[in-house]
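Below is one structure, written out as structure tokens, with a few remarks after it.
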Amino acid sequence: MNTETFLEFDDLGVAVREGRPLNPARNYRFLLAQGNLNFVTLTISDPIPLGSQILEAAGLLPSDGYSLFGILPSGDFEDIRLDELFDLRARGAERFVAFLTDRDFKLTVDDKQLAWGKPIISGAELHKLAMPREGECVFLQVRGGEDRVIEVGDFVDLAEPGIEHFVTAPKRPTNYEIIVNSRPRIVNERLVTFEEVVQLAFPGVHEPNVVFSMTYRHAASAPHAGELGTGGKVDVKQKGTIFNVTRTVQS
């Protein structure tokens, strides 16, 4: 008699970050984007699905001509054939992208024009193309704005209007000046979390009945403005990203 206990679901991304295999479960959560970087959470019951089953979990028809890729922890894209099995338990990919396109996307790397076969390129691939030297970073040039540092784990949407231009240049200072409730604050990381901003606005330990809400604008990440919730992160500019934090005491 099989006495193995099954969870209602297990999360592929959590398993990857915790460095553990998937637990036996009735459903498995993963992330999928359709031709862009807008990932949505989906579930599938088979831990070793066909590529076509991954598409069908998103309501996409394999017969429409989709290409499917798994994004590995290294940032590389792995081509997944629709008629082959993909073991979610062993491959380490938590994110998938489905493309419905046969066009090439142009970009430049240090003034050298290249063509890329997918509308999304990873920071890992850009670093391979640019080969930055010690002390250098890869930057996405932003016309009329601040150039964006492209880390190995980042992704860039090449389907935006115009040609994306990337350059290698020396690393810049790691301090970032943000504005929190009208006061300038210095942070040391480009990605700032909701919890870090709360502490900058209202330092100390807070009672369980205290709730914080937060908006931001002039961010380096897209969207450049919006609301941020618990566990969220914002890619800030070198200077000038603005946060407004409000504190509410629930009765």
Note to self: I'd like the full set of residues that are touching a Ser or Thr at 6+ places or on another chain (Cβ under 6 Å) and surrounded by fewer than 13 Cβ atoms within 10 Å (Cβ to Cβ), limited to the range 214-246.
What the structure shows: E227, T246
Item checked: Any hit, the range 152-165, residues being touching a Cys at 6+ places or on another chain (Cβ under 8 Å) and small (G, A, S) -> no
Next item on the list: For the range 63-120, enumerate the residues that are among the small types (G, A, S), assigned by the TED database to the domain that holds F39 and in contact with an Asp or Glu (Cβ under 9 Å, 6 or more places away or on another chain).
Entry: G65, S67, G70, G75, A93
Notebook entry, point to check: exposed (fewer than 15 other Cβ atoms within 10 Å of the Cβ) and either touching a residue at least 60 places away in the same chain (Cβ under 8 Å) or part of a loop (DSSP other than H, G, I, E, B) (or both) - does that describe any residue in the range 121-130?
Noted result: no
Note to self: List the residue pairs whose Cβ atoms are under 6 Å apart, where the first residue sits in the range 41-52 and is within 11 Å of F30 (Cα to Cα), the second is assigned to a helix (DSSP H, G or I) and modelled with pLDDT of 90 or more, and the two are 6 or more positions apart or on different chains.
What the structure shows: L42/A57; I44/A57
Notebook entry, point to check: Looking at this structure, is A90 farther than 18 Å from K118 by Cα, surrounded by 12 or more Cβ atoms within 10 Å (Cβ to Cβ) and among the small types (G, A, S)?
Noted result: no
Next item on the list: Counting only residues that are without any contact (Cβ under 8 Å) to a residue 40 or more places away in the chain, give me the strands (runs of 3 or more DSSP E) lying completely in the range 139-211 with at least 2 of them.
Entry: 164-170, 183-187
Notebook entry, point to check: If L129 satisfies every condition in (1) touching a strand residue (DSSP E or B) at 6+ places or on another chain (Cβ under 6 Å); (2) under 16 Å from A219 (Cα atoms); (3) modelled with pLDDT under 90 but one, which is the exception?
Noted result: (2)
Check: Looking at the range 142-174, which of its residues are surrounded by 14 or more Cβ atoms within 10 Å (Cβ to Cβ) and of a type in the set (S, T, N, Q)?
Finding: T168
Check: T193 is checked against (1) over 24 Å from P119 (Cα atoms); (2) loosely packed, with under 13 Cβ neighbours inside 10 Å; (3) in contact with a strand residue (DSSP E or B) (Cβ under 8 Å, 6 or more places away or on another chain); (4) of a type in the set (V, I, T) and fails just one. What number does that condition carry?
Finding: (2)
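The values are calculated or read from the model by the stated rules, or taken from the named source; none is laboratory data. Just so it is clear, the structure is predicted and the values come from calculations on it, not from any experiment. Cβ sites come from the backbone with ideal geometry, for glycine too, and all protein chains shown count toward neighbours.
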